[in-house]
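The structure under discussion appears below in the form of structure tokens.
No value in this document is a laboratory result; all are computed from the given coordinates. Remember, predicted model here, so these are calculated numbers, not experimental data. Ideal geometry is used to build each Cβ from the backbone, glycine not excepted, and the neighbour counts take in all protein chains shown.
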Amino acid sequence: MSHPAERYLDGLGLAPQEFQRATWSAWAEGESGLIHAPTGTGKTLAVWGGPLADGLERPPRGLAWLWITPLRALAVDTARSLDAPLEALGADWRVGLRTGDTSTSARRKLREAPPPALVTTPESLSLMLSYADADRRLGRLRGVIVDEWHELLGNKRGVLLELALSRLLALNPGLQVWGLSATLGNLDEAMEALLGPGRRGRLIAGDLRRDIDVETLLPPTVERFPQSGRTGLVQLPGVIRAIERAGSTLLFTNTRSQAELWFRAIESVAPFAGEVALHHGSIDRKSRLRAEAGLRDGSLRCVVATSSLDLGVDFSPVDQVIQVGSPKGIARLMQRAGRSGHRPGQRAKLLCVPTHALEILEIAAAREKMAAGEVEARPPPEGCLDVIAQHLVTVALGSGFREAAMREEIADTRVGRALRPEQWQWLLDFVTRGGPALKAYPDFRRVEIDPDGVYRVAHRRIARMHRMSVGTITADASLQVRFKHGARLGHIEERFLTRLKPGETFIFAGRALKLERIRDMTAYVRASNSNKASVPRWAGGRLPLSTLLADSLLDLLQRYERGEALPADAAAVAPLLAEQSRRSALPGPDRLVVERIASREGAHLYLFPFAGRLAHEGLAALLAWRIGQRTPRTFSLTVNDYGVELVSQQPVPLDLPSLRDLLSPDHLLADTLAALNASEMARHRFRDIARIAGLVFQGYPGRQKGARQVHASSGLMFDVLSEHDPANPLLDQSRREVLEAELEFSRLEACLNALAGREAIITEPGRLTPLAFPLWADRLRGQLSSEQWEDRLERMLARIDREPTRKSA
Amino acid sequence: MRIELAGQALQLLPEGAVWWPEQDALLVADLHLGKDQVFRRHGMAVPASVLDGELKRLDQLLAAHPARELIVLGDLVHAPPEPGEDWPDVIAKWRGDHAGLAMGVVLGNHDRSLAAQLRAWDMSDLGECCERGGLALVHATDLDRPRPGLSGHLHPVARLRAGPERLRLPVFARRDQHLILPAFGRFTGGHDLGGDPTWQCLAAAGHRVVALG
């Protein structure tokens, strides 16, 4: 007899794919594993086939399967797509739903009469573990499916889920765990984190040969002196023509401010103005849903979006995807391309719109890596004592735990596998009496050890507070934006809005808005006709160039230098590369280029390691500090994805040996900590750790502390612990996390190690080179008002083209 | 740093306190003693040595200045003690070590129903407002129309930022003839006054007080 999932596909006139059959039989044999494939290739039915067949054969009583999804907004769509085969096959049950949006009464119903399968989030699963009957209710689970595992793997939500899964596996060692993931550079790690280091699982590859056409929309002219930070709007006519040619278009930008600008631009010139919508993470959910529906039913021609549309199950494919700006990584390029042409056999189409000349190269480099099947890794976070502490309190609050058994459970997870005995002891001390010193925390209460040696939470107030704090997501400080008597438009970060004065105009949700006043975490606005509006800059919008893509880019430069043919679009950049090569030298996989020039502003030093913006921030600070150790100097520092600029009044004496010293990987951590005011940065970072570990409390629903207040109290907590409990390992964790998050410290380390083995060339080009130019321009923009900046830019450009070149090695 | 308010010379100390030579008085605001205890009761691990730290810093101030009186501009405590807690005894013992010193408390919003406790600590209750040498001492001033005098309550700080670096400093805030003291307690939050041009910020930075902006 054929598999029920096959019968379901048959009813739709489709045949099962090989990887779907493989998953069904692996499931039937009781195996666990990980399926990786691009979006829209039938992963859902592959993994859901197991429970479908099992459910028909052995009708479940009580909760048997959990489906974990990273976004609660996806939960409804997911439940619908899981119900479809149940309905078609005549099963007498449907999938239930439990997320942060689920009402109290609905939750009670779910507890009284649990459905056989439940769609939920990592946080809701943690919450389920915090109830006293967790063992009984969750101990009979047959399987857990984790959707979009790649979205969770690289962050603390993944760690929280890892720990929850280890609890479920301890309750029922026969539990089957399956993950669904996009293609990743570290699938083995992804599997290890999902199942725990001690378990083996099946790795199943979906249909990977889905063809993606990546085209570049070349600008009318390619400048020899590129400027980063441009909007790319000069390409608007070409983009409009492309939108007109296709039935439906998704236009992705890298930042929300860019999305706002592009939406306004398209809307103001396109003949199809009424058929464009805007979609990004700050926009009110209803408007976002309207945009998605509009694209689905054909009433919209184009939706301008950010990563807010990178996820989503039931998102119907569009005819074409346009990416404005470099995708900065191969995974992101594939993810976005996957939003077009879902039908089997259909090619996905992606049109890339470079915003400056070097992005043409980035796009070509990304396309080559994608064709070679290479994609970035998402390393799971290490350490995470904060998340483990939270998990311990959760389990103490639920069924309670004994020390030895719990120690084993934690050691069985990827995050806990290397936990040292003194760290474990600290965790137990931390949750039971605040810290290791016996008298340091009088009257502290959280977890208590009962006479039988079981760790439990005895106090109802602590229980209530903990349940409200479960999870690892810290809300950003954002204010709601709404009209005085009307619609909500969405959320904007507090930092941006509090800088505006009432009466000033800004662009948001595709409109020009005048700020009326701010009250009770709400910004009241009215429509404005002003053209002098500012666009909010949202934090965290700009991802650094991925290492994989940067390496591919350096390869392209080397091939150009060796006289090999470049891909057609990249050839447009050849004049720029020739200029760089003529004035100075081209960087490559084996060559670091350092440039020195003097100007009226002072002495400029440029380095081009191609290690991404964040690692360059660390590098710039490190270099300035190391130089300053020998001869005190004040520097102005600027970075981009390709390199760094240091400007000082007096030139830095530099030869190859002293350059090697400055770039030495020795004492890197100590020097970096000294170079930056790292403790102040760590204090900032401590917010998340303090909240996750339960050192600060976000407040009861309805009277929640503003994110700003939580931030303030966590900063205080950081100060108090630094002074009175300096050995607290959470402080050390925040120092490590801040270096990683803000400077990609491990990448900086890898970069310096690599540079030690590379040839270095110091040139004195006399004037700015094509690679140095964008750094120079970025710094000026930070210093001067925009008009002055434009003027000086033009003057400078004129001068560069006139003057001669010097070169030395 | 020396300033003059309504004809009175005052010295702003980097510890976040004010020395008033004419009155032989030290002024501090917003100690929020016992706040660590409140946090621990709620399951948040704040070390008890926070209290010892605050008292030690007061000791150092008193040793450096020949004060006859210590005046607290409100919010001496964070919350009244609960039965069974021993931090009030720690304060009582500290008070015993300074028996010759007069100590007065302007009542702040956190000092409600503290009268009996103040008597037990041998501290005088100065009410919500009192006057010395022509200056009004209050806990919270009207920020739009400050009277000549001194206050606390606001916990003023200034945030500075340069590149990826950030700095947060407690400040004295001055406007006309009024001065707001920073919170003396370390375990207290702050209100950023950095962007408000109507108040002049004098930062308590390390070993000196510097005017910002």
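Worth a mention:
- At R0 = 56 Å, FRET efficiency that the Cβ-Cβ distance of residue A:631 and residue B:93 yields, to 0.05: 0.55
- A simple packing score, the average count of other Cβ atoms within 10 Å per residue, orders the peptides B:200-211, A:723-734 as A:723-734, B:200-211, with the highest score first.
- P(r) tail fraction, the stretch A:184-282 - alpha-carbon pairs more than 16 Å apart, %: 71 percent
- Amide H contacts of residue A:512: A:528, each under 5 Å away and 5 or more positions distant or on a separate chain (H built 1.01 Å from N in the peptide plane; Pro and chain starts excluded).
- For chain A, the residue among A:646, A:324, A:190 whose Cα projects farthest onto the positive side of the dipole built from Cβ charges is A:324.
- Among the residues of A:716-723, the average count of other protein chain beta-carbon atoms within 10 Å of the residue beta-carbon is 5.
- Counting only lysines at least 8 places from residue A:369 when in the same chain, those with an alpha carbon closer than 20 Å to its own are A:328, A:349.
- Rounded to the nearest 0.05, the FRET efficiency derived from the C-beta distance between residue A:371 and residue B:144 at R0 = 60 Å is 0.35.
- When the alpha-carbon atoms of the stretch A:43-86 are used, the pair Rg, Dmax equals 11.1, 32 angstrom.
- Over the stretch B:51-117, Cα pairs under 8 Å with separation of 6+ residues give a relative contact order of 48 percent.
- Hydrodynamic radius of chain B per Kirkwood, over alpha carbon pairs, in Å: 17.6 Å
- Counting only DSSP H runs of at least 4 residues, each contributing -39500 (n - 2.57), and dividing by the residue count of chain A, the helix-based mean residue ellipticity at 222 nm comes to -13500 deg cm²/dmol.
- Test item: Cα-centred dipole of the stretch A:353-402, Lys/Arg +1 and Asp/Glu -1 on Cβ, debye: 300 debye
- Cα-Cα P(r), the stretch A:83-172, percent of pairs per 10 Å interval: 14, 46, 33, 7
- Label-point gap, in nm, between residue A:15 and residue A:562 - each point 7 angstrom along Cα→Cβ: 4.3 nm
- Proximal charge balance of residue B:127 [Cβ under 15 Å; K/R count +1, D/E count -1]: -2
- Cβ-defined net charge surrounding residue B:182, 10 Å radius [Lys, Arg +1; Asp, Glu -1]: -2
- Relative protection proxy for A:3-15, A:620-632, A:58-70, from highest mean packing down: A:58-70, A:620-632, A:3-15 (other beta-carbon atoms within 10 angstrom).
- With q set to 0.24, 0.29 Å⁻¹, the log10 of I(q)/I(0) for the stretch A:145-206, from the Debye formula over equal scatterers at the Cα positions, is -1.06, -1.51.
- If the segment from residue A:112 to residue A:211 were pulled out straight at 0.36 nm per residue, it would be longer than the present Cα-Cα gap by 30.8 nm.
- Top positive-direction residue, dipole computed over the stretch A:578-688 with Cβ charges, set A:593, A:631, A:665: A:631
- Relative contact order (percent, whole number), the stretch A:329-414, Cα cutoff 8 Å, 6+ residue spacing: 26 percent
- Distance from the stretch B:11-37 to the stretch A:44-71 (C-alpha centre basis), Å: 65 Å
- Surface/4 estimate of mean projected area, convex hull on alpha-carbon atoms of the stretch B:87-213, nm²: 9.8 nm²
- Per-residue average of Cβ from other chains inside 10 Å of B:32-44: 6
- Nearest-ten-degree value, helix A:256-269 long axis tilted from longest Cα axis of chain A: 70 degrees
- Residues of type lysines that residue A:514 reaches as a straight line, Cα spacing below 17 Å, ignoring anything fewer than 8 places off in the same chain: A:484, A:501, A:532
- Percent of Cα pairs exceeding the 18 Å cut-off, where the set is the stretch B:45-95: 38 percent
- 10 Å-binned pair-distance histogram of the stretch A:1-133 (Cα, whole percent): 11, 41, 35, 12, 1
- About its Cα centre, chain A has a charge dipole of approximately 2360 debye under the convention of +1 per Lys or Arg Cβ and -1 per Asp or Glu Cβ, with nothing else charged.
- Estimated distance in nm for a label pair at residue B:4 and residue A:555, the labels positioned 7 Å out from Cα along Cα-to-Cβ: 7.5 nm
- Burial ranking of peptide ranges A:576-586, A:103-113 (average Cβ count within 10 Å, highest at the top): A:576-586, A:103-113
- A simple count of charges around residue A:756, restricted to other residues whose Cβ falls under 14 Å of its Cβ and scoring Lys, Arg +1 and Asp, Glu -1, yields -2.
- Cβ-Cβ FRET estimate between residue A:84 and residue B:205, R0 fixed at 56 Å, reported to 0.05: 0.30
- Charge dipole (the protein assembly as shown, unit charges on Cβ, about Cα centre) - positive-most of A:88, A:63, A:384: A:88
- Peptide A:439-447 has a mean shielding of 6, counted as Cβ atoms of other protein chains within 10 Å of each residue's Cβ.
- Relative to the dominant Cα principal axis of chain A, helix A:547-561 is inclined by about 30°.
- On the principal axes of its alpha-carbon atoms, the protein assembly as shown has extents of 93, 82, 61 Å, going from largest to smallest.
- Alpha-carbon spread of the stretch A:231-291, three principal axes, descending order, Å: 30, 24, 17
- Site pair residue A:155 and residue A:655 shows an inter-label distance of 5.1 nm when each label is modelled 7 Å from Cα along Cα→Cβ.
- Reachable lysines, given that their alpha-carbon falls under 18 Å from the alpha-carbon of residue B:56 and they are not under 8 places away in the same chain: B:35, B:93
- Simple point charges give the picture: +1 on the Cβ of Lys and Arg, -1 on the Cβ of Asp and Glu, and for the stretch A:1-135 a dipole about the Cα centre of about 400 debye.
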